[in-house]
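Take a look at the structure below.
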Protein chains: 4
Amino acid sequence: MNELALLAQALQRFADERQWGPFHAPKNLACALSVEAAELLEHFQWLTEAQSCALSPEKKAEVAHEMADVLLYLVQLATQLDVDLLATAREKMRLNALKYPAPTPPAQG
Amino acid sequence: MNELALLAQALQRFADERQWGPFHAPKNLACALSVEAAELLEHFQWLTEAQSCALSPEKKAEVAHEMADVLLYLVQLATQLDVDLLATAREKMRLNALKYPAPTPPAQG
Amino acid sequence: MNELALLAQALQRFADERQWGPFHAPKNLACALSVEAAELLEHFQWLTEAQSCALSPEKKAEVAHEMADVLLYLVQLATQLDVDLLATAREKMRLNALKYPAPTPPAQG
Amino acid sequence: MNELALLAQALQRFADERQWGPFHAPKNLACALSVEAAELLEHFQWLTEAQSCALSPEKKAEVAHEMADVLLYLVQLATQLDVDLLATAREKMRLNALKYPAPTPPAQG
């Protein structure tokens, strides 16, 4: 079983133990995911791009926790909707490769 | 190597081939992640919670693609910031277990 | 001068006194606006639609403050981009009327 | 009657004619507002701060329309919750003035 599937199982058990099922309709999880993505963005809103590449260790730890929150809601939403996140991500990459073809390297002579 | 790490590698190669590096400052990736999370939410905004639990196969496929987009930006941001997403997610779950203790099951007699 | 223009003036003076100009690039204000919209959404994420119609006075006051934050950033962004918010909103309503025609009331006879 | 109140009236009539009332629970309007804020942000996600200060007229018109969408949902949410947006925005500015005091100008001699 891959790591995301293990994480999904642990999250399901966590929610079941707390009887959070009724709150975890896909709509609500999509709201929560959007809220966490914004909490992540908040750390960057007044930084320049260059500053965002050079976070202090403390700031980076905070940012990493917001990223984890995004992942946790994404995985829970995937469980509720029975979506295979990794397979869909790979499929999306194949579609992106068609949409944005890589430039051909210049011929060598 | 785990699946997220493989996905991270493939995404890095994809961005390198297209010379997207200069655009992928963490601030920009955090913006893009937030935008994708909202595109996901858009599918649910006028649905009831009950309707969000019973998506048609076509709608579910669209939703799954938006979820994949969220994952792809999250993984790219993790690469840029050198964050171990799975380890941080597990750490966050341990913190959540302390913050929201499971109710003690009633004693049996 | 209309109320939004007065608000815009007051906000400009407020930012000038604090020398916040360099931080208020449109990109950054758009990030901040998105973050405030999510803070507003956070109040509703675990509520049913029905519950969201019946907020307690305390909760409603908190929600109203988040709404004000959204408006304040929107007005500041309009100042930076020299956009007439009210005129554009009225134009958008005209476009929406074409896009979503009102159903014809049944003929009376 | 001020301009936002007039806009609120027109929006209410527009929604009534289309029988959109049942969809316009505050939770749903908060979702829609967040989605529009992200559509606004999308225009800026790959721009530098400097580029975001120098939009082409075409891009600026698109951005202005997204800003109008944010305002339209914000005003509709204010109607549903019976919130006075302008009064709350002014109150929020007073609170911000206490939270972020203006620096004292240097004494002149």
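Read the figures in this text as sums done on the coordinates, not as results from a lab. Just so we're clear, the structure is a prediction, and the values are computed from it rather than from any experiment. Cβ placement follows ideal geometry from the backbone for every residue including glycine, while neighbour counts extend to all protein chains displayed.
Summary table
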{"item": "Cut-off 11 Å between beta-carbons: net charge of the residues surrounding A:VAL70, Lys and Arg +1, Asp and Glu -1", "result": "-4"}
{"item": "Proximal charge balance of A:LEU86 [Cβ under 15 Å; K/R count +1, D/E count -1]", "result": "-3"}
{"item": "Shielding score for B:85-96, defined as the mean number of other chain Cβ atoms within 10 Å", "result": "6"}
{"item": "Net charge of Cβ neighbours under 14 Å - reference C:LEU7; Lys, Arg +1; Asp, Glu -1", "result": "-2"}
{"item": "For region C:82-89, Karplus couplings with θ = phi - 60° (6.51, -1.76, 1.60), whole Hz, Gly/Pro x", "result": "6, 9, 8, 4, 5, 4, 5, 5"}
{"item": "Area projected by the alpha carbon convex hull of the protein assembly as shown, averaged over all directions, nm²", "result": "32.8 nm²"}
{"item": "Ellipticity estimate at 222 nm from DSSP helix runs (n ≥ 4, -39,500 (n - 2.57)) divided over the protein assembly as shown, nearest 500", "result": "-23000 deg cm²/dmol"}
{"item": "Mean Cα-pair separation over length for chain A, i.e. relative contact order, pairs under 8 Å, 6 or more apart, %", "result": "37 percent"}
{"item": "Residue closest to axis [chain C; rotation mapping onto D; Cβ; Å]", "result": "C:ALA37, 2"}
{"item": "7 Å along Cα→Cβ, label-point gaps from D:ALA54 to other copies, nm, shortest first", "result": "2.4, 5.5, 5.7"}
{"item": "Of A:LYS60/A:LYS92; C:LYS59/D:LYS60; A:LYS59/B:LYS59, those spanning more than 31 Å from alpha-carbon to alpha-carbon", "result": "C:LYS59/D:LYS60; A:LYS59/B:LYS59"}
{"item": "Cβ-vector label at 7 Å, D:LEU6, separations to other copies in nm", "result": "1.6, 6.2, 6.4"}
